[in-house]
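Comments concern the structure below.
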Amino acid sequence: MPTLVELASNHTELHDDDIAHLTALVSEWGMLADFSFADLLLYVPVASASGTNWLTASQVRAATGQTLYQSDLVGEYADDTDRPFIAAAAQSAQIQKGQITLPYLPDPVSMTAIPVQREGKVIAVLTREVSTVSGRRPGQLERNYLSIFDDFATMVATGLFPFAGRVADSSVAPRVGDGVIVLDGSARVRYASPNAVSALHRIGIRANAVGQSLAELGFAHDAARASFERREPVVEELDQEHDVTLLVRSI
């Protein structure tokens, strides 16, 4: 299967810095897929005689939900008729939402098309694609995760994510399902997922985490502090009490 770099270099007019930005995005987007419970696809613009077509340059499936696509779509083309929200997102530089119908799927697909912006220019479109048929109403965890995804989507659309600079090795980092703690702008806990609460319990922290800082909880906060100060992702292994070692990914 061709790589993102190969497809973008051979089929688009994107500059090397643009491709590097997309590569950094793809290195982090397993996390985004897990937060969104959906397939994520990255489309890059390809000029043609009839206008702009869109080439699927990368694809990721969520570990937290079912995939729509049993086969890989990387290297396939889509035009504005197939996925009109992609073109709308690219032209408006705004997130677009709607439904599309694909001939090989029985149910409509809900699409969120997110312009990937770098230095004031849309260089690609990231889509969240999920079935419109749901077996149950989303619970608190799902609502929180989708809210987190929406925050990241806004950052992608405004050029604030992925962060410039060093990219943490996400291949060795914990996944969303291992536990998530969300901090507010004051570095206080806004939300802790059930698995995150269980991890805190294993190291002897049983207090209600919401509203407290990690330091107040007695949790090693080096990774979070480094992310706040350097504005880049950090992956660290932290030794805690009770002979427990935690792997922390802070973004």
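Taking a sphere under 13 Å around the Cβ of Phe85 and counting the other residues whose Cβ falls inside, with K and R at +1 and D and E at -1, yields a net charge of -1.
Other residues whose C-beta falls under 11 angstrom from the C-beta of Leu160 contribute a net charge of +1, scoring Lys and Arg +1 and Asp and Glu -1.
Among rounded, prolate and oblate, which fits the stretch 2-86 when a ≥ b ≥ c are the square roots of the eigenvalues of its C-alpha gyration tensor, a/c under 1.5 means rounded, and a/b larger than b/c means prolate? Because a/c hits 1.5 or more and a/b fails to exceed b/c, the stretch 2-86 counts as oblate.
Using only Cα atoms, tell me the angle between helix 16-36 and the longest principal axis of the chain; keep it within 0 to 90° and round to the nearest 10. So the helix axis and the longest Cα principal axis differ by about 60 degrees. Rounded, prolate or oblate: which fits the stretch 170-250 when a ≥ b ≥ c are the square roots of the eigenvalues of the alpha-carbon gyration tensor, with rounded for a/c under 1.5 and prolate only if a/b beats b/c? The shape class here is rounded. When the chain is treated as a GNM, springs tying every alpha-carbon pair under 10 Å, which of Val197, Val26, Val176 comes out with the largest mean-square fluctuation? Maximum among the listed residues: Val197. The stretch 86-142 and the stretch 217-251 have Cα centres lying 33 Å from one another.
Going by neighbour counts of Cβ atoms within 10 Å, the residues Glu232, Glu216, Glu237 line up, fewest first, as Glu237, Glu216, Glu232. Ranked for footprinting exposure by Cβ neighbours inside 10 Å, fewest first, Met31, Met155 give Met155, Met31. Taking a ≥ b ≥ c as the square roots of the eigenvalues of the Cα gyration tensor, the stretch 60-212 is prolate, since a/c reaches 1.5 or more and a/b is larger than b/c. Each Lys or Arg adds one and each Asp or Glu subtracts one; over the other residues with Cβ under 15 Å from the Cβ of Asp72, this totals -3. Put in line by how crowded their Cβ is, counting other Cβ atoms within 10 Å and starting with the fewest, His21, His11, His201 read His201, His11, His21.
Every read-out reported here was derived from the displayed coordinates using simple, explicitly stated rules and does not represent laboratory data. Everything quoted here is computed from the prediction, not taken from an experiment. Glycine also receives a Cβ, built like all others from the backbone with ideal geometry; neighbour counts cover every protein chain displayed.
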